[in-house]
Structure formats: C-alpha cells, structure tokens
Amino acid sequence: MTKATPRVFSGMQPTGNLHLGNYLGAMVNWIAMAQSHESIYCVVDMHAITVWQDPRELHKAIRDVTAAYVACGLDPKKSVIFNQSQVSAHAELGWIFNCVARLGWLDRMTQFKEKAGKDKERASVGLYVYPNLMAADILAYRATHVPVGEDQKQHLELARDIAQKFNIDYQDSIAEAGYAQGFFPQPEPMITGPATRVMSLRDGTKKMSKSDPSDLSRINLTDDADTIARKIRKAKTDPDALPSEVPGLKDRPEAANLTGIFAALEGATVEKVLGQFGGQPYSSLKNALADLAVARLSPIAAEMTRLAADPGHIDAILADGSARARAIAAPILKDVKKIVGFVQS
Ligand code: AQP
C-alpha cells in the first residue's frame, strides 16, 4: 500500500448545535492531532442535506459549526477549515466511488437503517450513498488518519474497502501513472479517549445526538451555565448508589454515561471517578459534574457568541480554507481521473 504522508481529515454535519458527544468523541482528538499533523477539518454540509434541512437554518448552522470549531480551539491558520460544498472534488470523487462501492456493502450500514427508519423507500438516495461521499471526503486528500466517534467505525471500514477495491480494480493504470504500491492509503480510524460514545442524558442506551427531539437529552456547546446544570440535574438515573468499581457499571447505562462524561471532562480515569463518588447518591456526582461541565464549556459558548457576531470573519475563514483544500485535492483528483481513463483536455 502507498506510504502516504500523514494527514488528518474529519468533519461534522451542520444539522444543529454541536453537543458534548461531538466535543468529547471527536473534537478533543481533532485539537490534539492538529498539534502534530497536517489537518483538514470540514463542515460537511452536503452530508447534512441527506435529510431535509431548511435552507435558512442550514446557512446559519454552517457558520455556527465553523464558529464552534474555532471556539473549541482549532486554529484556522494551522488547520484547513472549510465547508464541503465549496470544494467540488468531494462530489466528483463521490460519484466515482458510487461506481466502486457495491450495493451489498451499503446494505449493511447500520446508520442508514437507523436514520431511514421503517419507511426506507422514502429515504433519500443521498442518505443511502452517504458512506461513499464520506470515503471521498477523506480520500480526496489521501488522508491517513480520521479522528471520529465510535458510531463512525463502520463507515470508516467501508472507506478502507473502497480504497482497497479502487487500488485493485485499477492496479495496472495506477502503476502506469507512476504509483508503485497503490494509489489510495488505507485511512486509519482514530477512535480514542474515555468518551468515544457519549449517551443521551434521557436514555443511557441511546447515543447523544443533534437530531434527538428532546433538547434535555444533550448538552449543546451553546448552552448557558444554568441550562447545563439543569440538564445534568434532570439526567435519568437508576435508584441505586454509584458503584465503587468499574464492573459495578455493568447494566447501568446511565451510571456508566455520567461517570464516563465526568472522567473525560476531568481528564481522569473512570476508576478514579468511582473511587471519588462510589457509594454516594447520584446527586453528589451530578453537582460536581455540573460545575465541571460549566467550567469547561462556558468559555467555548462565550467565544462562539463573540464569533457569531462577525459572519464576515467566519466566511473569510471558510473562503481561505476552501482555497487551501482545493489546492490539495486538485492534483489528487487529476490523477484519479487519469487512472480511471477520463480524457482531460
Ligand atoms: N454521542 C456521541 N458520542 C461520541 N461521538 C459522537 N459523535 C457524534 N455523536 C457522538 C461524533 O461527532 C462527529 C460528528 O458527528 P456528525 O455531525 O457527523 O453526526 P452524527 O455522528 O450523526 O452525530 P449526531 O449528533 O447524531 O448528528 P445527527 O443527529 O445529525 O445525526 C463524528 O466523529 C461522530 O462520530
């Protein structure tokens, strides 16, 4: 396989407010990886429209998510920050991957089944081929590392399958183009940290999600201190005291979720958190968690508000990022077209 230069790519959908799951599951790893790697972070607006988005709300959400990236600590001078629809390489490579991926592969995608629900005949075709576009997002830059939450593992495996099938299907053409060991790298999913799957505050068996109809199910990065404290106070719990050791969390999804969130925010292990709160009622953990979450998230919310007041500045970040992203993707897409056999006059 190609020994590609390390390059990080990831994205979030502007389908609403970013929440604690997006932050702990993905963003903290994005920030860490941006310190040591070339990094490209996208606001994936073309993915967002796989389910209906009101155009005015989408327009605002793209800017808000960009502001959240910066407010969380990404430096737009260091990382490439842009919105997907401004770089046509994603759509172009996505089409080619529609012709590489097999229907049987997409049929196995659990996220499509969850999002399409019972009436899959009415789901958009875009929602079905979403993983092919996601593979194109990553491979348009020949990215090698993809920091994501646990829910994206299956899509990442599909991106690896697409890269491999492309390399095999076109191996002669790839060699002729001067690539001795395949064209696309196998992108590595980076699913790390104590909160790779943050669960809903209303149901510890369901993922915390932007599209959950209950706002009480998630902590948004825009929530103020009182709202954060109220949501944590109202979080679902079971009737028992907290266990003192990790095996005691088995079959107690709400206890596991709240201690996991505390550990991730504090930068401690779950063992240590249980050492502190084991044997105590939930209220002591909830009070401490509310203080910790407010201390950690309030500065982000304040910075988002400051950035939101200047949409021109956000648009300038996206324009600059798009130009840099286009410059990286253009020669890669040119080679892909040559490998596939397209005439480029
Ligand atoms: N609950 C979560 N725990 C840990 N990581 C999570 N991520 C999302 N939810 C959690 C990670 O955040 C990144 C961006 O996700 P996305 O915007 O592409 O959409 P998603 O995964 O579909 O998240 P949502 O919030 O559930 O959005 P909707 O409701 O629009 O579908 C990804 O790395 C994801 O793993």
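The values are calculated or read from the model by the stated rules, or taken from the named source; none is laboratory data. Note that the coordinates shown come from a computational prediction; the quantities given were computed from them, not determined experimentally. FYI the Cβ positions are ideal-geometry reconstructions off the backbone, even for glycines, and counts take in every protein chain you see. The area values use the complete protein model at the heavy-atom level, side chains included, leaving out ligands, DNA and RNA. Shrake-Rupley method; radii C 1.70, N 1.55, O 1.52, S 1.80 Å.
Going residue by residue through segment 68-78, is there one that turns out to be within 19 Å of Pro311 (Cβ to Cβ), without any contact (Cβ under 8 Å) to a residue 24 or more places away in the chain and either open to solvent by less than 30 Å² (accessible area, probe 1.4 Å) or out of contact with any Leu (no Cβ under 6 Å at 6 or more places or on another chain) (or both)? Steps first, please.
Quick first cut of segment 68-78, residues within 19 Å of Pro311 (Cβ to Cβ) only: 68-72, 74, 76.
Adding the requirement that they be without any contact (Cβ under 8 Å) to a residue 24 or more places away in the chain leaves none.
The answer is no; no qualifying residue exists.
Somewhere in segment 149-156, is a residue more than 15 Å from the ligand (Cβ to nearest atom), on the phi < 0 side of the Ramachandran plot and in contact (Cβ under 8 Å) with a residue 60 or more places away in the chain?
Checked against the condition, which is being more than 15 Å from the ligand (Cβ to nearest atom), on the phi < 0 side of the Ramachandran plot and in contact (Cβ under 8 Å) with a residue 60 or more places away in the chain, segment 149-156 yields no hits at all.
Being of a type in the set (A, V, I, L, M), free of Cβ contacts under 8 Å to residues at least 40 places away in the same chain and not in a helix (DSSP H, G or I) is the filter here; which residues of segment 157-185 pass it? Please lay out each step first, then the result.
Residues of segment 157-185 that are of a type in the set (A, V, I, L, M), as a first pass: 158-159, 162-163, 168, 174-175, 177, 180.
Within this subset, residues satisfying the condition of being free of Cβ contacts under 8 Å to residues at least 40 places away in the same chain are 159, 163, 168, 175, 180.
Passing the criteria: only Ala180.
Could you check segment 202-218 and list, in sequence order, the residues that are within 11 Å of the ligand (Cβ to nearest atom) and touching a residue at least 24 places away in the same chain (Cβ under 8 Å)?
Residues of segment 202-218 within 11 Å of the ligand (Cβ to nearest atom): 206-213, 217-218.
Across segment 202-218, the qualifying residues are Lys207, Met208, Ser209, Lys210, Ser211, Arg218.
Residue check: is Arg142 in a loop (DSSP other than H, G, I, E, B) and open to solvent by 20 Å² or more (accessible area, probe 1.4 Å)?
For Arg142, the condition - in a loop (DSSP other than H, G, I, E, B) and open to solvent by 20 Å² or more (accessible area, probe 1.4 Å) - is met.
Scanning segment 230-252 for residues that are touching an Asp or Glu at 6+ places or on another chain (Cβ under 8 Å) and part of a helix (DSSP H, G or I), which turns out surrounded by the most Cβ atoms within 10 Å (Cβ to Cβ)?
Lys231
Assuming Ala319 fulfils every condition listed in (1) among the aliphatic types (A, V, I, L, M); (2) in the same structural domain as Ala91 (by TED's automatic domain parsing); (3) at pLDDT below 95 apart from one, which condition is it?
(3)
State whether one or more residues within segment 113-127 are crowded, with 19+ Cβ neighbours inside 10 Å and within 20 Å of the chain's Cα centre (by Cα).
Start the filter on segment 113-127 by keeping residues that are crowded, with 19+ Cβ neighbours inside 10 Å, which leaves none.
Within segment 113-127 (the criterion being crowded, with 19+ Cβ neighbours inside 10 Å and within 20 Å of the chain's Cα centre (by Cα)), the answer is no, since none of the residues qualifies.
What are the residues in segment 278-336 that are open to solvent by 30 Å² or more (accessible area, probe 1.4 Å), over 24 Å from Glu38 (Cβ atoms) and among the charged types (D, E, K, R), if any?
Passing the criteria: Asp291, Arg296, Glu303, Arg306, Asp310.
Here is a check on your reading of the model: is Leu333 more than 21 Å from the chain's Cα centre (by Cα), outside any loop (DSSP other than H, G, I, E, B) and over 29 Å from Gly21 (Cβ atoms)?
yes
Run down Ala309, Ala327 and say which single residue is farther than 22 Å from Ser10 by Cβ and out of contact with any strand residue (DSSP E or B) (no Cβ under 8 Å at 6 or more places or on another chain).
Ala309
Here's a check for you: in segment 79-108, which residue that is farther than 19 Å from Asp320 by Cα and among the aromatic types (Phe, Trp, Tyr) is surrounded by the fewest Cβ atoms within 10 Å (Cβ to Cβ)?
Trp95
Would it be correct to say that Pro131 is under 20 Å from Ile49 (Cα atoms) and either free of Cβ contacts under 8 Å to residues at least 40 places away in the same chain or away from the ligand (no atom under 12 Å from the Cβ) (or both)?
Yes.
Residues checked against (1) open to solvent by less than 30 Å² (accessible area, probe 1.4 Å); (2) over 20 Å from Tyr23 (Cα atoms); (3) not assigned by TED's automatic domain parsing to the domain that holds Phe82:
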position	(1), (2), (3)
Thr110	no, yes, no
Asn132	yes, yes, no
Ala135	yes, yes, no
Asp161	no, yes, no
Asp169	no, yes, no
Ser173	no, yes, no
Glu176	no, yes, no
Ile191	no, no, no
Arg202	no, no, yes
